[in-house]
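Scroll down for the structure; my scribbles are underneath it.
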Amino acid sequence: MRINPKRRLTRRISFNLITAILSLFLVSQAAQANEIAIWNFNDSNLTIDHGTGVLTTDFIVANVLFAAGTTNNARLGDLAGQSLSLQGGSSTANNGRQLTFNVSTLGFSNIVVSFATQGTSTGFNNNQFQYSLDGTTFVDFGPAYAPATAFGTVPLVFTLTSIAGLNDNANAAFRIVFNGASSATGTNRIDNFVVDGSPSGVPEPGTAALLLSGLSGLYGLSKRRSRK
Ligand SMILES: [Ca+2]
């Protein structure tokens, strides 16, 4: 059957239009990373500042302080304000202690955690980032890190997209274990602790590409058929 050239043109235009709209939608969705939880410490406490989550610590209370913060990794227009400042403590008793951030990731996938940090020369220089799928058992993620001496402009980023169990998980949790302090007053500061994720149920870029190539294939097939 020979197809009317005008009809063919209309069909091609509609197909291209649909593809373009779908591409735009998928790209915008895939690129979207939403802040699930943010601590900016500007009000000098451990209470979450944006989103929902709970921060706890087993540090000696007297060694949990707040000092000048940074805009490194600041989100949603947050000011530098204050940051969390953790001291080694008497007899460096806080070596081995931790900060734990409990953040439900329900509705989100592709979890990424980032924060700004700095440390003094006798502060904690051997710190381990961990994650938990049940809020109880924590697993090391990435190598131990030593903070730079200044916040700088580049945050520490832990990309947890390969940990599928962290997606849509009401019991997700993140932890920093501090070690290596060599004086009572050695400190680490932490600011703008952010848990990011992309809305679940949205195709990832790879899936979107597959979908588009599938559509192109279908279009090619229908064109070949209409030529016969
Ligand atoms: Ca701050």
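What follows draws every value from the coordinates through simple rules; no lab data is involved. What you see is a predicted model; the values in this text were computed from it and never measured. Because the Cβ atoms are built from the backbone with ideal geometry, glycine has one as well, and the counts that use them run over all protein chains shown.
Annotations for the structure displayed:
- Residue within the range 59-68 that is within 13 Å of the ligand (Cβ to nearest atom), under 22 Å from the mean Cα position of the chain (by Cα), closer than 20 Å to residue 187 by Cα and among the aliphatic types (A, V, I, L, M) present: no
- Matching residues in the range 135-173 - criterion: being assigned to a helix (DSSP H, G or I) and crowded, with 19+ Cβ neighbours inside 10 Å: 166
- Within the range 81-114, the set of residues being buried (at least 18 other Cβ atoms within 10 Å of the Cβ) and aliphatic (A, V, I, L, M) comprises 84, 86, 99, 103, 111, 113.
- Every residue from the range 70-114 that is away from the ligand (no atom under 16 Å from the Cβ), assigned to a loop (DSSP other than H, G, I, E, B) and in contact with an Asp or Glu (Cβ under 8 Å, 6 or more places away or on another chain): 97, 105, 106, 107
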